[in-house]
């Protein structure tokens, strides 16, 4: 219920007792300011770590091969292991219930020329799923599709910067470019959050590249996205099992670490996750400690304030104030001060964080420090509650004192 | 108006208890101007606190405006105080951060009167005690006599049944004492019941009835030369 007279009483009491109000407000504001800064900075750290993996899908597993370091089944060490379509098909068939996305990659260099423009770019020959694993964003046209694969179409998807180099502002879609001496149709232009290097890539169907360059079934890499329903631990176990299976298929010694290499994002995510979890636990401990110190601060001040006002409460009671009206007045004042001061601390904190912005990213790995709405709301509720308790307990006690005793207190 | 029968009150002091009021019988009718006289320790303040619903009695009956006061909770007591009683204290007990006008208006706030009406009524009562021009001043800008007059205005503002004054002149010099007593007499002459506690003979003499208290019992209860019935009695002689 909104009671204008009650608010008038409270504002009068606050404005006539500025020092006391400022003191109690300051405690809370400072606690919340520290709390906000602390959380913001840790969020900034967390953002940096998350960004480190933003280029590719979070659930990606990269399979590549190298040179054997141990002899096995009559094969000598130092043998170069080559991924082929056979392994791609094996992975596709054997783990189909655990795989969401799957693509092969063949790496080539592409000398692309159009009219009088010519330059060298990297080329990836891929399956359609590659778009989602690499988080490729199609700006114009389309990506490689199944039909391209089947027909070994001579089509190419070029990066935003490739398009800029070769076509400038003119449209690229439908134009024919010369790639290593063979004519291809540009069917799409893409951008990528992975940076300039990614945007100087070009993509073509894996089947086309295999047929035209080398005429073999070699693959450079197999990339898959595991089922997102898998937990991190399950995903790591899945990656390890696949590694063992592939070693067996490729006649590699089970302990040979170098010949088949699996880079599993789940492992990286887990490490970062553990690190961030520890950091958050620390911050929650320190942050709540700060909040508690603030709450204790305001409780102390409220106890003192109420002691100081005991006589005033006695007068008010003698004049007909009911105990509930005294408690209500004190609690409302306390909640008002904590809420306002808390809000001030919060605003200052977020303002400082926004000032910091990305300026600490290079040296301190703090990117875009900020606090989430949930934390803001949580801290505000904590504040209001603490203001309530800090005011209520001593006020309740004071309101129970008989007016005659309160009046005697000089 | 006020009826007290066989009232007892003890205060616990450590394991013992101090019997302060030992069976007080007192009847105060509407429109009376009564003073309770007694040295310190006679129990007069205790009596006023019980009459003023600031404290509870142990035994006996107390009727305020015909209503038996028994087992009052804080809320009920606060309502009755606000409705029937006006207080004047020795140390004024004004709220230091409120102006004279706001102090006078405070009981009306607890009565639930709206702000405009409150301030209007409060100003009328300030005028009545001759302090209209001081309405916007804080208590520490007023003299002792002025403070007590503000307190009297505050006691009257709800138009109570009884004004209870606890040593109203205790902190004042003799000139201001007379002014305050004159003011109380004027109020009484307008029909208000006034109940004064004092240990000063000169103050008591200005009321119309003196009740003397000693060691928790009433030792005398007589009308003074100021009372109408006394004047009638003198005339008859």
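What the table below lists for this structure:
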{"read-out": "Two-site label geometry, residue A:347 and residue A:122: point separation in nm, points 7 Å out along Cα→Cβ", "value": "4.9 nm"}
{"read-out": "Residue mean of other protein chain beta carbons inside 10 Å, B:94-107", "value": "3"}
{"read-out": "Cα centroid separation, region B:169-237 to region A:84-135 (Å)", "value": "110 Å"}
{"read-out": "Relative exposure of B:134, A:7, judged by other C-beta atoms within 10 Å (fewest first)", "value": "A:7, B:134"}
{"read-out": "Two-site label geometry, residue B:97 and residue B:222: point separation in nm, points 7 Å out along Cα→Cβ", "value": "5.1 nm"}
{"read-out": "GNM top mover of A:314, A:225, A:342 - chain A, alpha-carbon springs below 10 Å", "value": "A:314"}
{"read-out": "Segment residue B:159-residue B:83, length gained on full extension (0.36 nm per residue, minus Cα span)", "value": "26.5 nm"}
{"read-out": "Directionally averaged shadow of region B:52-185, computed from the convex hull of its alpha-carbon atoms, nm²", "value": "8.7 nm²"}
{"read-out": "Euclidean distance of C-alpha centroids, region B:19-64 and region A:187-226, integer Å", "value": "102 Å"}
{"read-out": "Rough spin-label spacing in nm, given labels placed 7 Å along Cα→Cβ, for residue A:275 and residue A:381", "value": "3.2 nm"}
{"read-out": "Relative exposure of A:33, B:119, judged by other C-beta atoms within 10 Å (fewest first)", "value": "B:119, A:33"}
{"read-out": "Value at 222 nm in deg cm²/dmol, rounded to 500, when DSSP H runs of n ≥ 4 in the protein assembly as shown each add -39,500 (n - 2.57)", "value": "-15500 deg cm²/dmol"}
{"read-out": "Chain A: angle of helix A:232-249 to the longest principal axis, Cα-based, in degrees nearest 10", "value": "10 degrees"}
{"read-out": "Ratio Rg/Rh, restricted to chain B and using Cα atoms, in which Rh is the Kirkwood radius", "value": "0.97"}
{"read-out": "Most mobile listed residue (A:390, A:318, A:235) in chain A, GNM with C-alpha springs under 10 Å", "value": "A:318"}
{"read-out": "Region A:377-410 versus region B:117-134: alpha-carbon centroid distance in Å", "value": "33 Å"}
{"read-out": "Helix B:74-84 axis, angle to chain B major axis (alpha carbon atoms, nearest 10°)", "value": "70 degrees"}
{"read-out": "Segment residue A:140-residue A:82, length gained on full extension (0.36 nm per residue, minus Cα span)", "value": "17.4 nm"}
{"read-out": "Shape of the protein assembly as shown, Cα gyration tensor, a/c cut at 1.5", "value": "prolate"}
{"read-out": "Contact order relative to length of chain B, as percent, for alpha carbon pairs under 8 angstrom and 6 or more apart", "value": "28 percent"}
{"read-out": "Residue-averaged beta-carbon neighbours from other chains (10 angstrom radius) around A:318-331", "value": "6"}
{"read-out": "FRET efficiency estimate (nearest 0.05) - Cβ-Cβ, residue B:61 to residue B:233, R0 25 angstrom", "value": "0.20"}
{"read-out": "GNM result for chain A, Cα springs below 10 Å: residue of A:45, A:212, A:291 fluctuating most strongly", "value": "A:212"}
{"read-out": "Over chain A, relative contact order from alpha-carbon pairs under 8 Å, at least 6 apart, %", "value": "27 percent"}
{"read-out": "In degrees, nearest ten, helix A:323-356 long axis to first principal axis of chain A (Cα)", "value": "30 degrees"}
{"read-out": "Dimensionless Rg/Rh of region A:145-186 - Kirkwood Rh, Rg from C-alpha atoms", "value": "1.00"}
{"read-out": "Percent of Cα-Cα distances greater than 32 Å, calculated over region A:60-264", "value": "23 percent"}
{"read-out": "Rounded if a/c under 1.5, otherwise prolate or oblate - region A:154-232, Cα gyration tensor axes", "value": "oblate"}
{"read-out": "Computed E for residue A:67/residue A:248 - FRET, C-beta separation, R0 25 angstrom, nearest 0.05", "value": "0.85"}
{"read-out": "FRET efficiency for residue A:268 and residue A:400, using Cβ-Cβ distance with R0 set to 41 Å, rounded to 0.05", "value": "0.10"}
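Any read-out appearing in this document is the output of simple, stated calculations on the displayed coordinates, not a laboratory observation. As the structure is a prediction and not an experimental result, all values here were calculated from the model. When we count neighbours, we look across all protein chains shown, and the Cβ atoms used for this are built from the backbone with ideal geometry, even at glycine.
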